[in-house]
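Before any comments, here is the structure.
The values are calculated or read from the model by the stated rules, or taken from the named source; none is laboratory data. This is a predicted model, so every value here is computed, not measured. Note that we place each Cβ from the backbone using ideal geometry, even for glycine, and neighbour counts take in every protein chain shown.
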Amino acid sequence: MTSLSKARDPAAAPAVIADEFRRHGFLPAQDPCTAFPQVSEFSLLDEIGHDLPSLLHDKGFRQYAEKLSIPLWPKNRLRTGDLPQLRLYYLRVGFLASAYINQVGVAPATHLPANIAVPLVHASRLLGRPPILSYDGYALYNWKRFQKDGPIALGNIDTLQNFVHLYDEHWFILVHVEIEAIASQILDGIERAGIAWDSRDEESLSQALTDIQGAIREQITVLRRIPELMDPALYYKTFRRYIRFFENVVYQGVEQDPINFRGETGAQSSIMPALVAFMKIPHRPSPLTNHLADMRHYMPAAHRALIEAIEAMPDIRKRADRSAYNGVLEAMAVFREVHYGWAQEYIHRRTEDPRGTGGTPYMQWLAQLIDETYAHRLL
């Protein structure tokens, strides 16, 4: 049998999942850029970002924001080494745009002024994504480590940018960051499962599935910690609105017709889509599946490509050990059940609007995902 401790045979098919994903999950290969150099023309964005939670207490915030002069990101700064700063630029301007449209205490704005819209659209095009703050900017690029050689885990990480001063928002974001860090083990397991499939090594395939299940269980443990430092009432009243969708918004200086964009949502994380692709779970066609397909447009391009590559992998169900295979499905379902419970507690009980931050009837659809995940188990 092939040992998974051995390197892949050079003559074998190339790796589906690159080493950087197996080491870092869907987080950046390098820790995010935390600030622009002080001499940079973009350093003003760091100052604005730092002040944003205070500025949003003023009902005159929009008038202040309309006077800002935000330089465009230079098109000649698209080298790999410039990517961390470009992501920070998108994060800062994306937060500013969502703050402008969805400021708490006033009616949602129906236009995004050109001085914010044009830089946001420009940076978003360079990154190959829609021009709105999404899960990548809100979570994947929005963290730093206190101890640089320590883990990417609660207690050793903090956010770079927030909408409110409350630590509840920090905690909400950071729980997701640790979950994303754990995903490196899932992606490593998926790659090892592919190697085991190629070599018909059923023992190694079972071990890979067991490791994937263990990683998901670790993520569930982290997800269950949400209530420790995040109050449901504060979440709903203070910062949830800032990550909502844009509905019928005119991007001045870019597009004169009102347009809609999905808000930041966990459905834009690549973890579950990668697992669904790997396990070949057949979710029935519905508005839900259309929504999930649309969510991929809000993911980084490299993540979209990886999910497509995993979709092209063989169906391991045909050779997998029943217990190991079902263990992954059951862990996925439990993760979704915990998420469903938090959606019920933090959102559904506090509103008559059935739409989540992404703009969809999330409760009905989350229940469907859970049922169809359990239904895919081997009998």
Search result, residues across region 299-343 that are at pLDDT below 95, crowded, with 18+ Cβ neighbours inside 10 Å and outside any helix (DSSP H, G or I): none
Qualifying residue in region 185-199 (condition: among the charged types (D, E, K, R), assigned to a loop (DSSP other than H, G, I, E, B) and in contact with a Lys or Arg (Cβ under 9 Å, 6 or more places away or on another chain)): no
Pairs where the first residue, in region 48-70, is within 14 Å of PHE95 (Cα to Cα) and the second is of a type in the set (Phe, Trp, Tyr) and assigned to a loop (DSSP other than H, G, I, E, B), C-beta under 9 Å, 6+ apart: LEU52/PHE163; PRO53/PHE163; LEU56/PHE163; ILE70/PHE42
Members of region 241-262 found to be over 23 Å from ARG296 (Cβ atoms) and among the acidic types (Asp, Glu), listed by number: ASP257
Only listed residue being farther than 24 Å from HIS165 by Cα, of a type outside the set (A, V, I, L, M), part of a helix (DSSP H, G or I) and within 24 Å of the chain's Cα centre (by Cα), chosen from GLY81, GLY49: GLY81
Selection count where residues are basic (Lys, Arg) and at pLDDT 95 or above, scope region 60-79: 2
Residue, surrounded by the most Cβ atoms within 10 Å (Cβ to Cβ), within region 16-29, restricted to residues that are under 18 Å from TYR90 (Cβ atoms) and in contact with a helix residue (DSSP H, G or I) (Cβ under 6 Å, 6 or more places away or on another chain): PHE26
Residue in region 350-373 that is among the polar types (S, T, N, Q), over 19 Å from PHE239 (Cα atoms) and at pLDDT 95 or above present: yes
So ALA293, is it under 26 Å from GLU202 (Cβ atoms) and out of contact with any helix residue (DSSP H, G or I) (no Cβ under 7 Å at 6 or more places or on another chain): no
Top-ranked residue in region 84-138 [being part of a helix (DSSP H, G or I), out of contact with any Phe, Trp or Tyr (no Cβ under 8 Å at 6 or more places or on another chain) and without any contact (Cβ under 8 Å) to a residue 40 or more places away in the chain; ranked as farthest from ASP58 (Cα to Cα)]: ARG125
Any hit, region 113-124, residues being at pLDDT 95 or above, in contact with an Asp or Glu (Cβ under 6 Å, 6 or more places away or on another chain) and either crowded, with 17+ Cβ neighbours inside 10 Å or under 20 Å from GLN256 (Cα atoms) (or both): yes
Hey, GLU203 surrounded by fewer than 20 Cβ atoms within 10 Å (Cβ to Cβ) and part of a helix (DSSP H, G or I) or not: yes
